[in-house]
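Down below is the structure, laid out as structure tokens.
Every number here is computed from the coordinates shown, using simple stated rules; none is lab data. Predicted model only: the values in this text are computed from it and were never measured. Methodologically, a virtual Cβ is constructed for each residue, glycine included, from the backbone with ideal geometry; neighbour enumeration extends over all protein chains shown.
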Amino acid sequence: MPQIIVLPHAMLCPNGDAFDAAKGATICDSLLAAGIELDHACEMSCACTTCHVIVREGQDSLNPCTETEDDMLDKAWGLEPHSRLACQAIVDATDLVIEIPKYSINMVKEGH
């Protein structure tokens, strides 16, 4: 089983975390199953950027970005070359190291 290592995030995962993920699951579903409350305002339909994550290691094992995902990522706060929407990135057999950006577009709007 692949492992997802989450780097520390001040609000969602202050100490970081590491857990096994099911191959074929999305990063978003995997985080939620592990108790990390990643925002996913569009209910994982690739219609927002609230589940934006940065894949620090293992990005080559993920399914390729679709054009729709790339278009949505252009609107993400803190976009980086290895940014993905967690609702669209499917876990394969390789371990992943991910970082949840400090803010999502929802957090900025809400003044956090």
> Exposure proxy check: Asp70, Asp39 ranked by fewest other beta carbons within 10 Å?
Replying inline: Asp70, Asp39
>> Expected output is a single nm value to one decimal: the length gained when fully extending between Lys102 and Arg56, i.e. 0.36 nm times separation in residues minus the C-alpha distance. What is it?
In response: 15.1 nm
>> If you filter segment 10-77 for trypsin sites (Lys or Arg not before Pro), then keep DSSP loop positions with at most 13 other Cβ within 10 Å, what is left?
In response: Lys23, Lys75
> Please report, for the Cα atoms of the chain, the Rg to one decimal and the Dmax as a whole number; what are they, in angstrom?
Replying inline: 12.6, 38
> Quick one: Leu38, Leu7, Leu73, Leu85, fewest Cβ neighbours within 10 Å first, how do they rank?
Replying inline: Leu7, Leu73, Leu38, Leu85
>> If you take every DSSP beta bridge fully contained in segment 3-110, what fraction is antiparallel? Give it as a percent rounded to 5.
In response: 80 percent
> Taking other Cβ within 10 Å of each residue's Cβ, how do Val97, Val55 sort, fewest first?
Replying inline: Val97, Val55
>> Between Asp74 and Cys42, what is 0.36 nm times their sequence separation minus the Cα-Cα distance? Round to one decimal in nm.
In response: 9.9 nm
